[in-house]
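Participant: The structure that follows is given in the form of structure tokens.
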Amino acid sequence: MQTTTHEIADGIYRFSTCVPDAAPGGFTFNQFLVNADEPLLFHTGPRGMFDLVSGAVSHIVPLQKLRWITFGHVESDECGAMNQFLAAAPQAQVAHGAIGCMVSLNDLCDRPPRALADGEVIDLGGKRVRHIDTPHVPHNWEARVLYEETTGTLFCGDLFTQAGNGPALTDSDIVGPALDGERMFHHTSLSPYTAPTIRKLATLQPATLALMHGSSTRTDCAASLDALADAYDQLVAKAAE
Ligand SMILES: [Fe+2]
Ligand SMILES: [Fe+2]
């Protein structure tokens, strides 16, 4: 396996590792670095990918300089390597929503995490990230996304999860492949709150969507979020029939 690095927006780096056997056409695991005075990582990758991911990150910023370790929710691909990163980066701290800290991270993190309120901003010096709670969307009580305000980059984690090993940035539709992914993996917690939560993210009018599994995009971001929400509404309605 190999990890590739691309700058997908000004100072926003995507590290991508494709696992060929995880899905037809392969399945990518992507992490993102916000390069600022206080560099921030979004997703650590699983423990087994630490050498690959940390090696790629260190080409952009020395690990010792990492200040924030963040992710969408508590699963191994999101945060499996967080304690390895905490060990390699003595100044780094995990930051997550209050629920995630209370339920899991106060116990799981080798150093105490910072608990963020919904909408709270961390000024990274040159970049600003806003924490947004999205409970159970796409899954897990502690789910959240992160919005980098200066570039309009929405780190949307497992939203739009899709198979394949596409380019770092695509102009192609991401909604169709995301619905194929949903049919394949059934990874989204379907509830009456799923669509409204996703529609609220669309109102940010993001310039870039940074996906954990799939290509990032700068095309039709808000419209894609709205279309994804509409499709989940239909699935919820169908399940209630
Ligand atoms: Fe997940
Ligand atoms: Fe994931």
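Participant: 222 nm [θ] for the chain, helices only, -39500 (n - 2.57) per DSSP H run of 4+, per residue, to 500?
Facilitator: It lands at -7500 deg cm²/dmol.
Participant: So if I place +1 on the C-beta of Lys and Arg and -1 on the C-beta of Asp and Glu, and nothing else carries charge, what would the dipole magnitude of region 103-233 be about its Cα centre? I want it in debye, nearest 20.
Facilitator: Approximately 260 debye in magnitude.
Participant: Please list, ordered by chain and number, the residues whose modelled amide H lies under 5 Å from the amide H of Ser215; skip anything fewer than 5 residues away on the same chain.
Facilitator: Gly166
Participant: Listed highest first by mean packing, meaning other Cβ atoms within 10 Å per residue, what order do 47-56, 70-79 come in?
Facilitator: By packing density, highest mean first, the sequence is 70-79, 47-56.
Participant: How would you order 183-189, 230-236, 149-155 from highest to lowest mean count of nearby Cβ atoms within 10 Å?
Facilitator: 149-155, 230-236, 183-189
Participant: What size of dipole, in debye to the nearest 20, comes out for the chain about its Cα centre when the only charges are +1 on Lys and Arg C-beta atoms and -1 on Asp and Glu C-beta atoms?
Facilitator: The dipole magnitude comes to about 400 debye.
Participant: List the residues, sorted by chain then number, that are 5 or more residues from Phe27 or on another chain and whose placed amide H is less than 5 Å from its amide H.
Facilitator: Here Val19, Ala22, Gly164 satisfy the definition.
Participant: Please report the base-10 log of the normalised intensity I(q)/I(0) for the chain, using a Debye sum with one equal scatterer per alpha carbon and no solvent, at each q in 0.08, 0.10, 0.11, 0.15 (1/Å).
Facilitator: For the chain at q = 0.08, 0.10, 0.11, 0.15 Å⁻¹, log10 I(q)/I(0) is -0.26, -0.41, -0.50, -0.98.
Participant: Considering only DSSP beta bridges whose two residues both sit in region 49-136, what percent are antiparallel, to the nearest 5?
Facilitator: Antiparallel bridges make up about 40 percent of those DSSP assigns within region 49-136.
Participant: Here is a further query. Rank these for me by crowding, Met212, Met102, going from fewest to most other beta carbons within 10 Å.
Facilitator: Met102, Met212
Participant: Which three numbers, in whole Å and largest first, are the semi-axes of the equivalent ellipsoid of region 16-145 derived from its Cα gyration tensor as √(5λ)?
Facilitator: For region 16-145, the ellipsoid semi-axes come out as 21, 19, 14 Å.
Participant: Let me ask something else. Could you tell me how far the Cα centroid of region 189-241 sits from the Cα centroid of region 55-116, in Å?
Facilitator: So the separation of the two Cα centres works out to 26 Å.
No value in this document is a laboratory result; all are computed from the given coordinates. No experiment lies behind these values; they were computed from the predicted model shown. Quick reminder, even Gly has a Cβ in these numbers, built from the backbone with ideal geometry, and neighbours come from all protein chains shown.
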